[in-house]
Amino acid sequence: MSEAEGYPGVGRVLVVIPTYNEADNIRMITGRVRAAVPDVDVLVADDNSPDGTGGIADELALADDHIFVLHRAGKEGLGAAYKAGFAWAKDKGYDAVVEMDADGSHAPEELPLLLDALKDHDAVLGTRYIAGGSVHNWPVHRLLLSRGGNIYIRMALGMPFRDATGGYRAYRMPVFDAINVETIASTGYSFQVELAWRSFRNGFRMTEVPITFTEREHGVSKMSGNIFKEQLLRVTVWGVQARRDGLLKALGRKPRPGSTWP
Ligand SMILES: Nc1nc2c(ncn2[C@@H]2O[C@H](COP(=O)(O)OP(=O)(O)OP(=O)(O)O)[C@@H](O)[C@H]2O)c(=O)[nH]1
Ligand SMILES: [Mg+2]
């Protein structure tokens with residue numbers, strides 16, 4: 001890619017798409033990304049999917065020099081795949097990274113919305129729960145769980161965001177260094193919450209843009225009760241830590257090791 005290419009006002013952008021058994025979706029999603037933002041690159045981070053997603057991605061990469069594949073040894077969860085993708089992007093000198101699911105839940109056609117907002121922000125969260133945003137084909141219980149989880153997160157952490165669990169986002173690369181992204185231990189939805197939380201605590205310029213979220217049509221869901229419990233527990237711990245840090249700060253004391261206090 002030449003210097004002149006990339007997304008105006010942002011620079012070289014890499015869309016990282018983690019995949020596990022997305023053989024039915026991978027052509028569709030990469031094709032839509034390439035059509036929506038022709039000057040942006042795509043990295044498929046595949047955990048050795050048994051259904052052959054990685055092999056299909058290799059074919060796509062051979063045919064298109066804007067598509068790349070990161071083959072990982074085995075299933076380690078979404079967070080680990082993203083961290084590997086971010087490290088790959090840093091190594092290759094990208095200016096910004098977008099997180100996107102492979103299943104079509106995140107519309108590639110909305111990429112310009114996220115990237116335009118990134119022109120004057122460090123992180124942009126695609127949000128289902130602000131005016132203009134929406135969720136399609138979700139059963140009521142899942143919507144309630146998601147909305148309830150987000151209300152809890154907002155109260156526990158004092159972050160202003162309406163959708164801290166969403167997975168359609170754009171970050172400028174310096175954010176990842178500042179928040180020590182490689183030390184994030186969360187998996188599942190907590191990974192997204194922790195990314196937002198650390199970015200917020202470090203004072204980065206963040207904003208939300210409305211997105212249209214559509215539940216997957218093909219393939220198998222990996223959502224589980226354990227993922228939800230992990231999120232609840234971690235958010236509660238961070239909330240308590242943040243209040244303790246606030247107190248220490250008010251008393252003129254130093255933060256504890258491992259604190260999210262910037
Ligand atoms: N590399 C990698 N990707 C994963 C892993 N688990 C999930 N993914 C991918 O992460 C994205 C989000 O996972 P989904 O299964 O869609 O999770 P979800 O949206 O909560 O659940 P659905 O209801 O199935 O849509 C998809 O692109 C998955 O293929 C994993 O262990 N490794
Ligand atoms: Mg999904």
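The values are calculated or read from the model by the stated rules, or taken from the named source; none is laboratory data. All of these numbers come straight from a predicted model, not from anything done at the bench. A quick note on method: Cβ atoms are made from the backbone with ideal geometry, for glycine too, and the neighbour counts reach across all protein chains shown.
Would you check which residues across region 187-197 are touching a helix residue (DSSP H, G or I) at 6+ places or on another chain (Cβ under 8 Å) and surrounded by 21 or more Cβ atoms within 10 Å (Cβ to Cβ) and list them?
Residues satisfying the conditions are Gly188, Tyr189, Ser190, Phe191, Val193, Glu194, Leu195, Trp197.
Here are the criteria: (1) out of contact with any Ser or Thr (no Cβ under 7 Å at 6 or more places or on another chain); (2) among the acidic types (Asp, Glu); (3) within 14 Å of ligand 1 (Cβ to nearest atom); (4) closer than 23 Å to Ala242 by Cβ. Tell me which single one Asp163 does not satisfy.
(1)
Go through region 82-113 and give me each residue that's within 16 Å of ligand 1 (Cβ to nearest atom), outside any helix (DSSP H, G or I), farther than 16 Å from Val124 by Cα and in contact with a strand residue (DSSP E or B) (Cβ under 7 Å, 6 or more places away or on another chain).
Ala102, Gly104, Ser105
Against the condition under 23 Å from Arg216 (Cβ atoms), without any contact (Cβ under 8 Å) to a residue 60 or more places away in the chain and surrounded by 23 or more Cβ atoms within 10 Å (Cβ to Cβ), how does Ala57 come out, does it pass? Give the derivation first.
Working: under 23 Å from Arg216 (Cβ atoms): yes; without any contact (Cβ under 8 Å) to a residue 60 or more places away in the chain: yes; surrounded by 23 or more Cβ atoms within 10 Å (Cβ to Cβ): yes.
Criteria met by Ala57.
Looking only at region 11-23, how many residues end up being more than 8 Å from ligand 1 (Cβ to nearest atom) and either at negative phi or crowded, with 23+ Cβ neighbours inside 10 Å (or both)?
6
What tally of residues in region 24-76 results from selecting those that are away from ligand 1 (no atom under 13 Å from the Cβ), in contact with a helix residue (DSSP H, G or I) (Cβ under 7 Å, 6 or more places away or on another chain) and on the phi > 0 side of the Ramachandran plot?
So the answer is 0.
Just checking, which of Ala73, Ala84, Ala156 is among the aliphatic types (A, V, I, L, M) and under 16 Å from the mean Cα position of the chain (by Cα)? Give the steps one after another, and end with the answer.
Values: Ala73 fails: under 16 Å from the mean Cα position of the chain (by Cα); Ala156 fails: under 16 Å from the mean Cα position of the chain (by Cα).
None of the others qualify; the one that does is Ala84.
Could you say whether any residue in region 150-167 is within 16 Å of ligand 2 (Cβ to nearest atom), at pLDDT 95 or above and either on the phi > 0 side of the Ramachandran plot or among the basic types (Lys, Arg) (or both)?
no
Given the conditions (1) closer than 15 Å to Tyr168 by Cα; (2) within 16 Å of ligand 2 (Cβ to nearest atom), report the number of the one that Tyr20 does not fulfil.
The single condition Tyr20 does not satisfy is (1).
For region 165-181, state whether one or more residues are more than 17 Å from the chain's Cα centre (by Cα), farther than 25 Å from Ala107 by Cα and among the small types (Gly, Ala, Ser).
no
Would you point out which residue out of His71, His121 is touching a Gly at 6+ places or on another chain (Cβ under 8 Å) and not hydroxyl-bearing (Ser, Thr, Tyr)?
His71
What pairs come up if the first residue lies in region 216-240 and is more than 18 Å from Met155 (Cβ to Cβ) and of a type outside the set (A, V, I, L, M, F, W, C), the second is at pLDDT below 85 and not in a helix (DSSP H, G or I), and their beta carbons are under 9 Å apart, counting only those six or more places apart or on different chains?
Cβ pairs passing all conditions: Glu230/Thr187.
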